[in-house]
Every structure is written in C-alpha cells, then in structure tokens.
1. Apply the Debye scattering formula to segment 48-113, with a single equal point scatterer on each alpha-carbon and no solvent, then give log10 I(q)/I(0) at q = 0.17, 0.25 Å⁻¹.
2. Distance between Cα centroids, segment 100-117 to segment 15-66: provide it in whole Å.
3. Residue 91 versus residue 28, label points 7 Å from Cα toward the beta carbon: distance in nm?
4. Between residue 14 and residue 45, 0.36 nm times their residue separation minus their Cα-Cα distance comes to what?
5. Compute the helix-to-body angle for 97-115: its Cα long axis versus the longest principal axis of the chain, expressed 0 to 90° and rounded to tens.
6. Counting only Cα, what are the radius of gyration and maximum Cα-Cα distance Dmax of segment 1-43, in Å?
7. Taking every pair of Cα atoms in the chain, average 1/r, invert it to obtain the Kirkwood radius, and report Rg/Rh to two decimals.
8. Of the listed peptides 68-80, 37-49, what is their order by residue-averaged count of other C-beta atoms within 10 Å, with the highest listed first?
C-alpha cells in the first residue's frame, strides 16, 4: 500500500522547502524601500515568490495523492525550521536562543511522531 511512499514524501518536503524560499524572498522585498505601493507588489522578486508558491501548491497536491494526510504533522512544520535557516544564510539574520529551542522542540516532536508511523 505504501510502496514508493518515500519518493512522494521527498516531493512534499521539497515543496515545503521551496515555499520557505518564497517566504524569505517576500520578506527580503518587504524590507526594501519602494517608490510606490504598486512597485512594492509588482516587481520581479514578488512575482517570482508567488510563482514559487504556485509551483509548491501543485507539488504538494501531487504528493498528497500518494501520501496519507496523517504525515502532515511531520512535513508541514518543516517550514518553521527552513525559513529561519534560510534567513540566516541569505539575509544574515540572527536566530535567538528561544527560536533555536523552539526549532529543537519541533524537531523532537517530528521525530517522536515519526517513530509512531
């Protein structure tokens, strides 16, 4: 019944990852000054981020055709880990001790939940 499940889980995880990249791109663009509201929303970075979200939705939809929805508590919280890590790498942000603790608790929860599968 779950033959080949790993491939579709990987597609779903990649979907969450690229969605996280889109979130960071939107944050990057939101931090820049813009000449007008129109230019703030109609620029290549914002359009590209929403294009990435669009692709991510279809990747998730495709993966969910084959992966039971019960895996959602394992896969979806990964964005809460990916976004800060990408923010550190691309935006040179600092991660607070509280956020690191929160990420560790999420990882522990994902591992514990995974062990029950």
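Here, each number is a calculation from the coordinates, and none is a lab measurement. Source: prediction; values computed, not measured. Methodologically, a virtual Cβ is constructed for each residue, glycine included, from the backbone with ideal geometry; neighbour enumeration extends over all protein chains shown.
1. Taken in order of the listed q values, log10 I(q)/I(0) reads -0.78, -1.09.
2. 27
3. 1.1
4. Values: separation 31, 0.36 × 31 = 11.16 nm, distance 2.02 nm.
Between residue 14 and residue 45, full extension yields an extra 9.1 nm.
5. 30
6. 17.0, 55
7. 1.05
8. On the way: 68-80: 14.3, 37-49: 12.5.
Packing proxy ranking, top to bottom: 68-80, 37-49.
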